[in-house]
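Accompanying notes for the structure given below.
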Amino acid sequence: MEEWLAVSDRAQKPLELILARNLLTSLSTPAFLVDSDGRLLFYNEAAGAMLGRSFEETGQMDAGEWTSVFGPLGDARDPIPVEELPLTAALRDGRPAHGRFCIRSVDGREHTIEASAFPLIGSDSAESGAMILWWPRADGGEGRG
Amino acid sequence: MKVKIWGARGSVPAPGPQMNRYGGNTSCVQVSLASGEEVILDAGTGIRTLGLGLAPRPTISILLTHLHLDHIQGLMFFSPCFRSDAEITIWGPASPEGSLEERVARYISAPLSPVDIRELPCSISFADTPATEWELGGATIRAEAVNHRGPTLGFRITEGDTSLCYIPDHEPGLGTPLADLEPEWISGFNVAYDADLLIHDCQYTDVEYPDHIGWGHTAVGDVIDFASRVGARRLMLFHHDPLHPDDFLDALHADAQGRWGTRGGDPGALVAAMEGGELVVEPATGEAILMPAGPAPGPGPRL
């Protein structure tokens, strides 16, 4: 039994993450899905189009890894620490959080976006991750390279 | 462990001459453990007949996957509830709406019922299923949330080397292609993995399913994909649609067996649940009966 537990517990995500991924897959709004450690579990095609690389190409990444690849960057194009991102606030406080910053696609283009992060809390009241949707800002900065 | 089907119908009881072979009662499965303890999976209308034949001084555990009416309707007509010598424990999914007893009491109370739970002469208790496995009559029980409308569980019962998985209401293919999905993103994967017998929702044909997307149930093609991906060794189609008479279910069953066989499976290892049907679940040997339709799942040890 212990062996079975070890295999299967590693195998399957919590249901709320599975359903969140299914939702994000069907959205045209760019979106990320992270676990409770900030690990990037999935991003949708709309996000992949903006980032210049599909999720199938990048796969899952730890927080430090994906923030170094995609930014985010502040107004002075300085890296924003992970702990200051909306998703971190959502995970830390269990509440939605919103922010404005730049992200960088793999070809070096920068996109100014607004992002909203929502914590995902399952039926067992445990926080399993967060969903981050973002929108290109209409007031400039889009596609600056 | 022994399994007896007391109700295999989904949604609503569907009695009638065209339903006699598969039966019209809603979800209820009796699992008799080697210890002599009885575990009952769901309390649809099938539990009424089950209760009539139980021994004196019964100690009964009822595992509710969820509280939709077709899974609890028989509870008020379960004769041990009206016996002072009966001890009944009801397990079910937790919900922020209220305790399990409070939510079941919405049904067993006025105006839907002439009696309240507190009036029942039996000894009855309610418990949310724990996040970890627990022991029941020498078996290990595991409950996990699965994709259906409202808090819903799948159960795995393991006794010795034998495992049974029961997921009567489940839509694992909602918005996603099961054949191509990594195991970690498949609802119900953990609880069904490598089961000797998987009893699973098969409410719709593939043709019917597009009109019922998001209703929380599975089409036959997705059932076979799911069973394949989790490596189930035997599959029982369950939760028959109330609009499907016997002849229709015969055809659906034959179609499913054909697809199973196309993948190299033994058609005899795929059955459609029939009310009154009994079987002994034994540990299967060798590799999984079904072969995956899509890309092979990640490497995992056979257990």
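The values are calculated or read from the model by the stated rules, or taken from the named source; none is laboratory data. Predicted, not measured: the structure shown is a model, and the values here were computed from it. Reconstructed Cβ throughout: ideal geometry from the backbone, glycine too, with neighbour counts over all protein chains shown. Only protein heavy atoms, including side chains, enter the accessible area calculation; ligands, DNA and RNA are left aside. Shrake-Rupley method; radii C 1.70, N 1.55, O 1.52, S 1.80 Å.
Under the condition of being under 21 Å from B:Ala131 (Cβ atoms), open to solvent by 10 Å² or more (accessible area, probe 1.4 Å) and in contact with a helix residue (DSSP H, G or I) (Cβ under 7 Å, 6 or more places away or on another chain), the residues counted in segment B:154-188 number 3.
Okay, residues lined up against (1) part of a helix (DSSP H, G or I); (2) open to solvent by less than 10 Å² (accessible area, probe 1.4 Å); (3) of a type in the set (Ser, Thr, Tyr):
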position	(1), (2), (3)
B:Pro13	no, no, no
B:Ser35	no, no, yes
B:Ile40	no, yes, no
B:Leu50	yes, yes, no
B:Pro56	no, no, no
B:His66	no, yes, no
B:Pro80	yes, yes, no
B:Ser84	no, no, yes
B:Thr89	no, no, yes
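Residue pairs whose Cβ atoms lie under 9 Å apart, sitting 6 or more positions apart in sequence or on different chains, and linking a residue in segment B:172-194 that is closer than 17 Å to B:His217 by Cβ and within 8 Å of another protein chain (Cβ to nearest Cβ) to a partner that is among the acidic types (Asp, Glu) and open to solvent by less than 10 Å² (accessible area, probe 1.4 Å), are B:Ser187/B:Glu171. Scanning segment B:107-134 for residues that are within 11 Å of another protein chain (Cβ to nearest Cβ) and among the acidic types (Asp, Glu) gives B:Asp128, B:Glu133. In this entry, B:Pro151 passes the filter for residues that are touching a residue at least 60 places away in the same chain (Cβ under 8 Å), within 10 Å of chain A (Cβ to nearest Cβ), open to solvent by 10 Å² or more (accessible area, probe 1.4 Å) and within 26 Å of B:Val12 (Cα to Cα).
Beta carbons closer than 9 Å, at least 6 apart along the sequence or on distinct chains, never pair a first residue in segment B:235-259 that is on the phi > 0 side of the Ramachandran plot and part of a strand (DSSP E or B) with a second that is surrounded by 21 or more Cβ atoms within 10 Å (Cβ to Cβ) and of a type in the set (D, E, K, R). If you go through segment A:71-98 and keep only what is modelled with pLDDT of 85 or more and β-branched (Val, Ile, Thr), you end up with A:Ile80, A:Thr88.
Residues in segment A:77-86 that are in a helix (DSSP H, G or I) and either among the basic types (Lys, Arg) or over 13 Å from the mean Cα position of the chain (by Cα) (or both): 2 in all.
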